[in-house]
1. Can you list residues from other chains, or at least 5 along the same chain, whose modelled amide H is less than 5 Å from the amide H of A:Trp321?
2. May I ask you to evaluate 6.51 cos²θ - 1.76 cosθ + 1.60, the Karplus curve with θ = phi - 60°, for each residue of the range A:193-200 and list the ³J(HN,Hα) values in order in whole Hz, giving x for glycine and proline?
3. List residues of the range A:133-148, by number, whose backbone nitrogen lies under 13 Å from a label position 7 Å along Cα→C-beta of B:Thr144.
4. For B:Arg97, list long-range residues whose amide hydrogen, built 1.01 Å from N in the peptide plane, is under 5 Å from its own amide hydrogen.
5. Between the DSSP loop rule and a limit of at most 16 other Cβ atoms within 10 Å, which GluC sites (Glu not before Pro) in the range B:153-249 are left?
6. Which one of B:Pro25, B:Ala70, B:Leu51 has its Cα pushed farthest toward the positive end of the charge dipole of the range B:19-79, where Lys and Arg give +1 and Asp and Glu give -1 at the Cβ?
7. In peptide B:159-168, how many Cβ atoms from other protein chains are near each Cβ within 10 Å, on average?
8. Evaluate E = 1/(1 + (r/R0)^6) for A:Asn3 and B:Arg38, where r is the Cβ-Cβ distance and R0 equals 56 Å; express this FRET efficiency to the nearest 0.05.
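Only the coordinates and a few stated rules stand behind these numbers; no lab work does. Worth saying up front: this structure is predicted, and the values here are computed from it rather than measured. FYI the Cβ positions are ideal-geometry reconstructions off the backbone, even for glycines, and counts take in every protein chain you see.
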There are 2 protein chains.
Amino acid sequence: MPNLQEEMQRVKSKVDSLILEELLPASSPIPEIDLLYRMMRDYPARPAKGLRPFLCVATCRAMGGSEDDALLTASCIEMFQHWILIHDDIEDGSDLRRGQPTLHRMYGDPLALNAGDALHARMWGALVSNARRLGEARALGIMTEFSTMVDETTEGQHMELSWVREGRWDLSEHDYYEMCARKTSWYTAAGPCRLGAIVAGAGEAELARLLEFGTKMGVGFQIQDDALNLTGDPRKYGKASTDDILEGKRTLILLRLLGLVTRDEKDRLVSVMAKSRDDKTPADVEYVLSLVKKYDTIGYAQKRAKELIDEALVALRAVDWKGDRDSFSLLEAAARFAVERNW
Amino acid sequence: MPNLQEEMQRVKSKVDSLILEELLPASSPIPEIDLLYRMMRDYPARPAKGLRPFLCVATCRAMGGSEDDALLTASCIEMFQHWILIHDDIEDGSDLRRGQPTLHRMYGDPLALNAGDALHARMWGALVSNARRLGEARALGIMTEFSTMVDETTEGQHMELSWVREGRWDLSEHDYYEMCARKTSWYTAAGPCRLGAIVAGAGEAELARLLEFGTKMGVGFQIQDDALNLTGDPRKYGKASTDDILEGKRTLILLRLLGLVTRDEKDRLVSVMAKSRDDKTPADVEYVLSLVKKYDTIGYAQKRAKELIDEALVALRAVDWKGDRDSFSLLEAAARFAVERNW
């Protein structure tokens with residue numbers, strides 16, 4: 001079996017070429033518009049794992065479809081991630097993305113917001129051209145899936161942002177799963193796998209199994225992301241460490257913690273988390289981290305993530321795979337990678 | 001011939017029903033998501049002229065197509081305006097839209113930005129369903145035109161925002177036309193007319209004439225919009241009066257003014273316009289208005305707008321119209337309305 005990380009990089013490099021050489025405009029004689037194009041090409045040119053386009057291509061192959069048929073769709077999945085990250089970084093007020101300043105820190109919120117919209121529209125323009133290779137009906141089917149994927153992602157994003165805005169801490173683990181299933185799972189795993197399957201011609205029954213697989217894998221991926229935000233090496237991880245604390249994110253790690261701490265600890269924890277990003281001191285962040293360590297809620301969350309991946313793998317194995325065996329094995333490896341990675 | 005304003009309202013009421021009753025979700029059992037849906041339905045429920053969907057439907061009918069075939073596309077044009085105005089209001093820091101507080105003033109930037117994205121995606125989802133009535137090939141052709149329309153609009157928006165950000169005043173009238181042709185003309189006139197023509201089955205030659213018509217009409221529309229911003233009745237106009245001065249917009253009225261004022265006036269004018277929105281005093285705004293009045297650059301700009309509409313009408317009349325004569329006459333009336341309206 002090929003190595004997972006090599007395979008992710010191989011697919012990513014094909015997808016990046018397609019995005020940067022064919023799907024996005026290279027330059028404009030009008031200097032202002034040339035700057036817009038450079039902004040649109042900024043996130044796509046930064047290093048990334050390439051998990052999502054890989055999942056699309058591998059699912060297509062494992063279903064008996066051809067890699068070449070899936071590459072344009074996989075590229076659009078990657079373009080989706082680029083524009084939504086530009087907007088996500090504005091919404092969260094984040095400083096770093098993939099080890100470099102976020103786009104809105106470089107050019108200000110208005111230009112960055114607009115560049116995200118421009119990239120969003122280019123994604124749909126590229127999806128139209130799927131008709132040439134896959135035919136009109138399948139191209140439209142892929143767009144319907146994209147439409148669902150963006151709907152779900154924006155709904156999950158709204159849930160998380162509204163919790164922060166309204167100062168909500170009366171949230172259960174179930175609420176967290178509902179939010180992640182939308183915010184993360186659809187565009188990280190469920191959408192990419194289902195899109196690869198649609199390219200290969202899969203039916204509703206297989207798509208339903210892939211939805212279960214992708215939803216559980218995506219939540220596991222998000223839990224590990226939350227853990228890395230608190231413990232990871234920022235050079236590998238690419239985002240500012242402890243950003244989630246500064247942004248007041250409702251992670252499983254924090255929700256679990258709120259159920260375990262003493263009354264005094266809870267009062268202080270909630271008052272620290274309620275502060276605005278700029279008002280939070282290094283001592284505030286240290287206090288949150290000390291409680292996380294004391295009650296080992298990272299350990300708890302990672303255990304839940306591993307359980308989710310075990311359930312995801314059961315759903316994955318129930319799919320009627322008719323294609324490349326290696327690609328199926330790589331999908332299994334990718335599910336484990338989602339919760340075992342340190343970057 | 002039917003009355004233009006009645007006709008715009010008639011089409012708008014059909015389009016609004018389609019948007020609010022069929023294309024947008026009504027409610028969700030999850031309270032957070034229910035709020036997102038209410039945010040997405042906010043701008044669509046506010047009163048508006050309905051010029052854009054009218055242009056789409058009237059062009060389709062004047063070309064010999066059926067109104068019912070054009071209504072979904074016209075609704076998507078209106079949805080486009082809704083999501084881009086949500087984002088535009090964030091980018092400009094505007095307080096009022098259609099006489100009420102802007103969405104980001106009501107819910108904060110992060111939730112409003114995300115709601116705009118959600119509406120953007122719903123627009124594309126709705127466009128996919130055009131295939132049921134118009135067939136797959138035409139549905140895809142309409143999407144290609146939408147993709148161009150969003151590309152052009154974001155490029156024009158970028159030009160304007162980057163001039164403000166970089167403090168640029170070394171701009172010519174030509175620069176202003178280039179910006180408006182992208183920022184305003186495509187989604188106000190060129191796109192809606194061409195989309196109506198595509199629904200009716202028009203060929204490339206007719207689409208090229210409609211591009212010329214729509215580009216010139218759109219620039220005329222924007223010039224009148226700039227004039228109304230300085231002189232209009234805010235109750236009719238719906239936006240805060242003199243917002244363009246506060247936002248530092250490079251309008252034809254101001255660019256012309258810069259070429260006419262004395263050196264001392266120019267120094268003070270540029271230093272006033274360079275201030276941030278919050279730093280501009282009522283006396284600053286009054287000073288700009290006094291110069292505009294002294295040199296009558298509103299008169300100059302409106303004269304240019306009328307010339308553009310005359311040229312636009314020549315292009316409109318060169319189209320090979322084969323359908324409803326009244327609809328053609330209404331298109332002529334709409335072009336004049338663009339520069340003669342006081343709302």
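1. Close amide H contacts, sequence-distant or interchain: none at all.
2. Result, ordered by residue: 5, 5, 5, x, 5, 5, 4, 7 Hz.
3. Under cut-off, by backbone N: A:133, A:136.
4. Result for B:Arg97 returns B:Thr102.
5. On the way: sites: B:Glu155, B:Glu160, B:Glu166, B:Glu173, B:Glu178, B:Glu204, B:Glu206, B:Glu212, B:Glu247; in loops: B:Glu166.
Hits after loop and neighbour filter: B:Glu166.
6. B:Leu51
7. 4
8. 0.70
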